[in-house]
Each structure stands twice: as structure tokens, then as C-alpha cells.
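Asker: Pasting a structure here, questions to come.
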Amino acid sequence: AMGPPRGALDPTGKIAKQVMWLNKNVPLAMPINFPEVVEPLSGCDIPTAMSILKEVEGNAAHIQNPTAYIAQAAGRAAAALSGGMGGMGGGADYWGADAGAVASAGIDKGPQDTDYKSKLNQLVCKRSKRPMTKNDLVYTVQDAEGGGFIASLVGAEVLAQEYWSEAPAPSKKAAEHAAAKMALQAEFPEALAAEGWGGDVWGAAQQPPSKKRKLDAMNAVPGGGVINEDPKSQLCRAAQLLLGRTVGKADIVYDVREFESPTGKRFQATVSLPEYDASAFHQGEPAENMKQAQMNAAQVAVNVWQHVIAPLEEERKAKKAQQNREKLDALKARKQAEKAAVTGGTEMVM
């Protein structure tokens, strides 16, 4: 039997009910992220989907990332159900993109069942030594100029910087995987190579969306999450512009002081960018916790450097927009040449 039609997510409600039951009653290493698993599970028939969830229940003690486990198992099962087409019914691949659209766009999507998002979740969880929350990794997808989609990935507390997909992807999900792959390559290169997921990267830190698009996207993120462009994320991006390179933890240094106040324990943070200006320290307002104190300091730093950051951001946007246009023009020219070659060959045969 084939899976449900494309777009028919959990038509019976059984998947949601079982996932909710597992999260409530089974001692999982981390809760199952329903928005991440409902689509791949809906690509299977109900008995297969329930069987995969039953496996998670029986092997909970040995599964570090239940969300990744379910997504990968469901992807393989859906591929088998659809006759080995690599995804859900209707010729869609594992990332929700129509196979014909992928081919016509000239995009190499890599191994058929590669799930970069789940792999990134697993590695970030292991490095952070704590369960992931839904706001640790936030994806935002935008329409790309000329068609397709681009995605950004922000992990203010768990990633060194923001990541962008490079070339327009044929689907929103493919764009998210491209951004996740860039994060993997930058922060977990050994793990990426060990999985055999190396090779050409079709996602890179590239053209950010326009200010209007970014503002429009602030309230909505695929999967129901909400992006919070917090001051630490802003400062991370600002440091990248100021230094002209990828930033690491040593490039942005926070110093937090704890003290007692009449209202109780308080925290105050100072932040510096030693590689840019070793003499500049930015102190934020006191806060009730360490995290908010760091946010306050980061906001002060962003405000101080805004007059330098703004023109650099505009310059970067213009440069990346031009690169994107050139790549799209080259892609169109190549496709036209291939079409002309095929047409010419057909006429010769006739």
C-alpha cells in the first residue's frame, strides 16, 4: 500500500496521539519533536508508522535522539513503499521536493536518505550535554530571487554563528537541510566525513533576505517554531561582519559578575570582541539571571557598533545578491545549452 497523498499529514490523528503518549509515558532521552516527524511518518501507511513508534518505545534506553531515529526510519520505509523513489508518494523525495524539480534545477541533493537536520540535532545535543529544546535551532525559510527557497539557521546558545543555504533549493525542507549541512561542515566536520556525507556542499553562508522579508519571517518558522532574533545572535552576526570571517567562541567574550541586591541575587555582564578592539568592553544592565545579563551586554555592543555594522551589512548583501544572480544566470544558460543540444540531436536523427 502507498502512503497518504502528498500534503495529507496524519489524516487519522493516530500519529499525534501516539507521539503525545510516548512523550508523556516513556523515559525518552529527549522529547519527540512532532513537527519534525509527522511528515515522514505520514509518508508511511498507519501500521508502518505505528511500528516505528513502537520500536522507539521498546528501545528508548538506547536511542539518543528519538526524533532523528523516527525521521530516518520513516524516510526509509516511505521510500520502500513508493517503489524506491526515495520519498513519499507522488514522486517526492525525502526532503519533500519533487524529483523532477530537483533534476531540472540541477541540484545535487546528496545521498537519498541523508537527514542533515536530525544529525545536527544529535551532535549539538551531545556537545551541549543536555536535551535540545525547540528554540535551540531555529530555521527560517524565504523565497529566493528567481525561484526556489533559501534558509537560515540560528542557534544562539548552541552554534558559533548563523548559517545560510547557498543556492536556491526546490523545496522549503531541502533549503533547511542545506543550512543544516553547512552547520555540520563548519562545526562537526569529522562527523560529516565519517558518515560519508562530504563532497560538494549545496548550502553555504550566502545571501541574506531583504530587511522586509526578514521582518516578515520573524513571527513564523517552518514547523511552528518562532524565531527570536536575540541580541546575542545579532552580535554574533555583527562580529562576523566586523572581522570579515567566521567567528568562534574566542572572538566574543562574555564576563558575568554575580552580586546581591536589595531584591535578591543579580547578574551583570560585560562583552568584548578582543580580535576587533581589545580595548572596548560593553557592560549591560543588571538582570535576574546570567543569560539575560549576557543578552543585555550584547545589546549594548550591537548599539555601539551599529554605525560600523550597517554599511558592512549593505555591502555584503549587495555582493551576495550579485553572486546569486550570476549563479542563476549561469544555471539558466547551462540548461538552455543542454536543451539546444538535445533538440539539435533530435533533428539530426530525423
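Asker: Would you mind computing, in nm to one decimal, how far apart the modelled labels at residue 243 and residue 17 are, each placed 7 Å from Cα along Cα→Cβ?
Answerer: So the two model labels end up 5.2 nm from each other.
Asker: Can you flag which of 119/317; 24/117; 14/119; 117/327; 249/317; 126/291 are past 28 Å Cα-Cα?
Answerer: 119/317
Asker: OK, next. Where does the charge balance sit around residue 127 when Lys and Arg score +1, Asp and Glu -1, over other residues with C-beta under 13 Å from its C-beta?
Answerer: Cβ neighbours under 13 Å give a net charge of +1.
Asker: Which Cα, out of 287, 272, 248, lies furthest along the positive dipole direction of segment 223-299 (beta carbon charges, K/R +1, D/E -1)?
Answerer: 248
Asker: Find out how many positive minus negative residues lie around residue 259, taking Lys and Arg as positive, Asp and Glu as negative, among other residues whose Cβ is under 14 Å from that of residue 259.
Answerer: -2
Asker: At a probe size of 1.4 Å, how large is the accessible area of residue 36, to the nearest 10 Å²?
Answerer: The accessible area comes out at roughly 60 Å².
Asker: Another question, if that's okay. Tell me, in nm to one decimal, what length is gained between residue 315 and residue 51 on full extension, where the rule is 0.36 nm per residue of separation less the Cα-Cα distance?
Answerer: Values: separation 264, 0.36 × 264 = 95.04 nm, distance 5.26 nm.
Difference between extended and current length: 89.8 nm.
Asker: Using per-residue counts of other Cβ atoms within 10 Å, averaged over each peptide, order 44-54, 121-131, 154-164 from highest down.
Answerer: In descending order of packing, they fall as 154-164, 44-54, 121-131.
Asker: Kindly report the accessible area of segment 244-350 per residue (heavy atoms of protein chains, probe 1.4 Å, no ligands, DNA or RNA), in Å².
Answerer: 67
The values are calculated or read from the model by the stated rules, or taken from the named source; none is laboratory data. Please read these numbers as outputs of a predicted model, since none were measured by experiment. Neighbour counts run over all protein chains shown; Cβ positions are idealised from the backbone, glycine included. Each accessible area value is taken on the protein alone, full model and side chains, heavy atoms only, with ligands, DNA and RNA left out. Shrake-Rupley method; radii C 1.70, N 1.55, O 1.52, S 1.80 Å.
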